[in-house]
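The values are calculated or read from the model by the stated rules, or taken from the named source; none is laboratory data. Computed from a predicted structure; not experimentally measured. Positions of Cβ are backbone-derived with ideal geometry, glycine not excepted, and every protein chain shown enters the neighbour counts.
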Amino acid sequence: MDLIPLPSHTTTYAADHEVFSLRPETVLSAGPGTEVAARWLRDTVGAATGLPFTAGDHSAGGGVVRLAVDETVPGGPEGYRITVDPVGGVRITGAGPAGVFWGAQTLRQLLGPDAFRRAPLGAREWTLPACHLSDAPRFGWRGFMLDVARHFMPKDGVLRYLDLMAAHKLNVLHLHLTDDQGWRVQIRRHPRLTEVGAWRERTKVGLRESPLWDERPHGGYYTQDDIREIVAYAAARHITVVPEIDIPGHSQAAIAAYPELGNADVIDTAALGVLTSWGVNPNVLAPTEDVLRFYEEVFTELLELFPGTFFHIGGDECPKEQWEASPLAKDRMVALDLKDADELQSRLIGHFDRWLADRGRRLIGWDEILQGGIAEHAAVSSWRGYQGGITAARAGHDVVMCPESHVYLDWRQSDSPDEPVPISYVRTLEDVYRFEPVPAELTPEEAAHVIGTQANVWTEVLDSVRAVDYMVFPRLAAFAEVAWSALGAPEERDWPGFEARMRSHYARLDALGVEYRPPGGPLPWQ
Ligand code: TNX
């Protein structure tokens, strides 16, 4: 069966290798609350198998695939059970609609790799092993962050990544929509953000000599309708999209579009273009009321597009030199009785924390938002190791653990000189498999604030879907298992067992068209 992620609760199988055969006459009985899962099964597994999955409660001899919500299924709203009976058919029961959907994902894995294609290879029998399986996730936030700012990923690529996330039972797509090098979402009130901010001249893609080194212009953005489509496509897979608008650092693309957003009393902001190099950048937003109003207008449009609770405001890597040199910023610090620029940043984040809370949303930011005092309702993405997350959890704030030490998927996968993207330290598939999101030093009450975990892929050197695939897979499969399954302490984990299951999983990824890093090392053209 080789399921990935590993079902976290008891699994029992019939010993005698009996199977249930899905047939054209097999009907799909979808109870209340199972519409999303039913549609996905019909559209996706239906396309791969050629089976019609006709709606109905009884079948003349073809058996039934029954979907139902039953709140007594254990493990929280995403828990589910599957029973495959050789005669009667399949029953997927979820504690809530999402549970049924994750059960449908498991069902596709039980059908074998060709169930992951978009059309049947030919007529064949589709069988499921007789089994009983019960499963539920460890974490409620199982995230994947895609940096679409450094290199734009066209809409189709994002939709495909939502499919890939669903196949791995990941449920939060964090879209890093803005950075120094690009602004990637249309804002009606401030059109220059994309007219100017979405395009840049000649950028070096490689960090040093690499096949990806190039100096082409680059650009692209999502219209508001594109975003509506992405969000709806995600919802049809029980995935929430969390937008990130990075402030007050990583904002040069916005300043290039509207120079008044920058520290015009210190530098000539009108001379700034969209940034064409990488790294931490001193050209940050001015900490003024006008800038707050501008971003309230931006966020107002985005709240209409993104219905999820969390809204990510970045907050990372904001050098304070310009604020320290700026008479305007200094006046503000004096007026507000602040002792330093960190407190000024904390004020700015605090403003949006309250602004979002007033609108029924919650702010999340990178762990730098702890500096100068963390805002009242804020949650933290802990990226500079575990420490930010530990501090936040101890102070009663929710945390998503995504330490660069383990789950930065832009980091190289081996020390081979043939690795196509030779950045930072080696993080192997096994390193990711042994990643533990909850630090041992937290008490159970503190640990309850670790609401989940996330793998992040930054795209400075990844300029295509192929390049992203290579860095993300197979490591995202290991991450998905860490996020979903109760695997125990890192040193106790069954790495050989995971590797063995991965052999079947590579066949699924092949059928999905994922260009993962092969276990034997990079291919000559990668
Ligand atoms: C740090 S992680 C960053 C990103 C870079 C990344 C490269 C974080 C919040 N900031 O801007 O892309 O390192 O690995």
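Residues in the range 41-60: is at least one polar (S, T, N, Q), more than 28 Å from R138 (Cβ to Cβ) and free of Cβ contacts under 8 Å to residues at least 60 places away in the same chain?
Within the range 41-60, one or more residues are polar (S, T, N, Q), more than 28 Å from R138 (Cβ to Cβ) and free of Cβ contacts under 8 Å to residues at least 60 places away in the same chain.
Could you list, in sequence order, all residues of the range 441-478 that are away from the ligand (no atom under 16 Å from the Cβ) and closer than 21 Å to D367 by Cα?
E441, L442, T443, E445, E446, A447, A448, H449, V450, I451, G452 - these are the residues of the range 441-478 that are away from the ligand (no atom under 16 Å from the Cβ) and closer than 21 Å to D367 by Cα.
Tell me yes or no: at least one residue of the range 389-396 is among the hydroxyl-bearing types (S, T, Y), touching a helix residue (DSSP H, G or I) at 6+ places or on another chain (Cβ under 7 Å), part of a helix (DSSP H, G or I) and surrounded by 15 or more Cβ atoms within 10 Å (Cβ to Cβ).
For the range 389-396, residues among the hydroxyl-bearing types (S, T, Y), touching a helix residue (DSSP H, G or I) at 6+ places or on another chain (Cβ under 7 Å), part of a helix (DSSP H, G or I) and surrounded by 15 or more Cβ atoms within 10 Å (Cβ to Cβ): present.
Considering every residue within the range 457-471, establish whether at least one is under 20 Å from Q387 (Cβ atoms) and not in a helix (DSSP H, G or I).
Looking for residues that are under 20 Å from Q387 (Cβ atoms) and not in a helix (DSSP H, G or I), one finds none in the range 457-471, hence no.
Can you confirm whether D410 is touching a residue at least 40 places away in the same chain (Cβ under 8 Å), within 11 Å of the ligand (Cβ to nearest atom) and in a loop (DSSP other than H, G, I, E, B)?
The answer is yes for D410.
Looking at the structure I just gave you, is D337 buried (at least 22 other Cβ atoms within 10 Å of the Cβ), more than 13 Å from the ligand (Cβ to nearest atom) and either at pLDDT 95 or above or polar (S, T, N, Q) (or both)?
Here the answer is no, as D337 does not meet what is asked.
Inspect all residues belonging to the range 310-321 and state whether any of them is within 23 Å of the chain's Cα centre (by Cα), within 16 Å of the ligand (Cβ to nearest atom) and within 17 Å of L193 (Cα to Cα).
Yes, some residue in the range 310-321 is within 23 Å of the chain's Cα centre (by Cα), within 16 Å of the ligand (Cβ to nearest atom) and within 17 Å of L193 (Cα to Cα).
Rundown of residues vs (1) assigned to a strand (DSSP E or B); (2) in contact with a Cys (Cβ under 8 Å, 6 or more places away or on another chain); (3) modelled with pLDDT of 95 or more, yes/no style:
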residue: P77; (1), (2), (3): no, no, yes
residue: R91; (1), (2), (3): yes, no, yes
residue: A98; (1), (2), (3): no, no, yes
residue: Q105; (1), (2), (3): no, no, yes
residue: R118; (1), (2), (3): no, no, yes
residue: A123; (1), (2), (3): no, no, no
residue: F152; (1), (2), (3): no, no, yes
residue: V158; (1), (2), (3): no, no, yes
residue: Y161; (1), (2), (3): no, no, yes
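Filtering the range 372-384 down to residues that are part of a loop (DSSP other than H, G, I, E, B) and within 13 Å of the ligand (Cβ to nearest atom), which residue is surrounded by the fewest Cβ atoms within 10 Å (Cβ to Cβ)?
Top of the filtered list is R384.
Outside any helix (DSSP H, G or I), touching a helix residue (DSSP H, G or I) at 6+ places or on another chain (Cβ under 8 Å) and modelled with pLDDT under 95, is that true of V421?
yes
Please enumerate the residues belonging to the range 421-434 that are within 16 Å of the ligand (Cβ to nearest atom) and either closer than 19 Å to M145 by Cα or surrounded by 14 or more Cβ atoms within 10 Å (Cβ to Cβ) (or both).
The answer is V421, P422, I423, S424, R427, D431, V432.
Would you be able to tell me the number of residues in the range 164-188 that are part of a loop (DSSP other than H, G, I, E, B) and either out of contact with any Lys or Arg (no Cβ under 7 Å at 6 or more places or on another chain) or of a type in the set (V, I, T) (or both)?
The qualifying residues number 6.
Name the pairs whose Cβ atoms lie under 8 Å apart, with the first residue in the range 307-328 and among the polar types (S, T, N, Q), the second within 16 Å of the ligand (Cβ to nearest atom), and 6 or more positions between them or separate chains?
That search, which allows pairs on different chains as well, returns Q322/P282; Q322/N283; Q322/V284.
Residue check: is F498 assigned to a helix (DSSP H, G or I), within 17 Å of the chain's Cα centre (by Cα) and surrounded by 18 or more Cβ atoms within 10 Å (Cβ to Cβ)?
No: the conditions fail for F498.
Just a yes or no: is a residue in the range 209-226 in a loop (DSSP other than H, G, I, E, B), at pLDDT below 95, of a type in the set (A, V, I, L, M, F, W, C) and closer than 21 Å to M153 by Cα?
Scanning the range 209-226, I find at least one residue that is in a loop (DSSP other than H, G, I, E, B), at pLDDT below 95, of a type in the set (A, V, I, L, M, F, W, C) and closer than 21 Å to M153 by Cα, so the answer is yes.
Those residues that are farther than 15 Å from K320 by Cβ, within 15 Å of the ligand (Cβ to nearest atom), in a loop (DSSP other than H, G, I, E, B) and of a type in the set (G, A, S), I need them from the range 240-297; list them, please.
Passing the criteria: S277, G279.
Being away from the ligand (no atom under 16 Å from the Cβ), surrounded by fewer than 21 Cβ atoms within 10 Å (Cβ to Cβ), more than 26 Å from the chain's Cα centre (by Cα) and of a type outside the set (F, W, Y): is that true of P327 here?
Considered against the rule, which asks whether it is away from the ligand (no atom under 16 Å from the Cβ), surrounded by fewer than 21 Cβ atoms within 10 Å (Cβ to Cβ), more than 26 Å from the chain's Cα centre (by Cα) and of a type outside the set (F, W, Y), P327 comes out as yes.
Pairs under 7 Å by beta carbon, first residue under 25 Å from R466 (Cα atoms) and of a type in the set (K, R) in the range 415-441, partner more than 15 Å from the ligand (Cβ to nearest atom) and assigned to a helix (DSSP H, G or I), six or more apart or different chains?
As it stands, the answer is none, since no pair meets every condition given.
Evaluate the range 50-61: report whether one residue or more is farther than 25 Å from A95 by Cβ and hydrophobic (A, V, I, L, M, F, W, C).
yes
Taking the stated definitions as given, is D265 over 25 Å from E304 (Cα atoms) and not small (G, A, S)?
Criteria met by D265.
Given the structure, is S59 over 25 Å from A98 (Cα atoms), assigned to a strand (DSSP E or B) and not charged (D, E, K, R)?
no
Within the range 360-371, can you find the residues that are within 10 Å of the ligand (Cβ to nearest atom) and farther than 15 Å from F311 by Cβ?
Listed by number, the residues that qualify are D367, E368.
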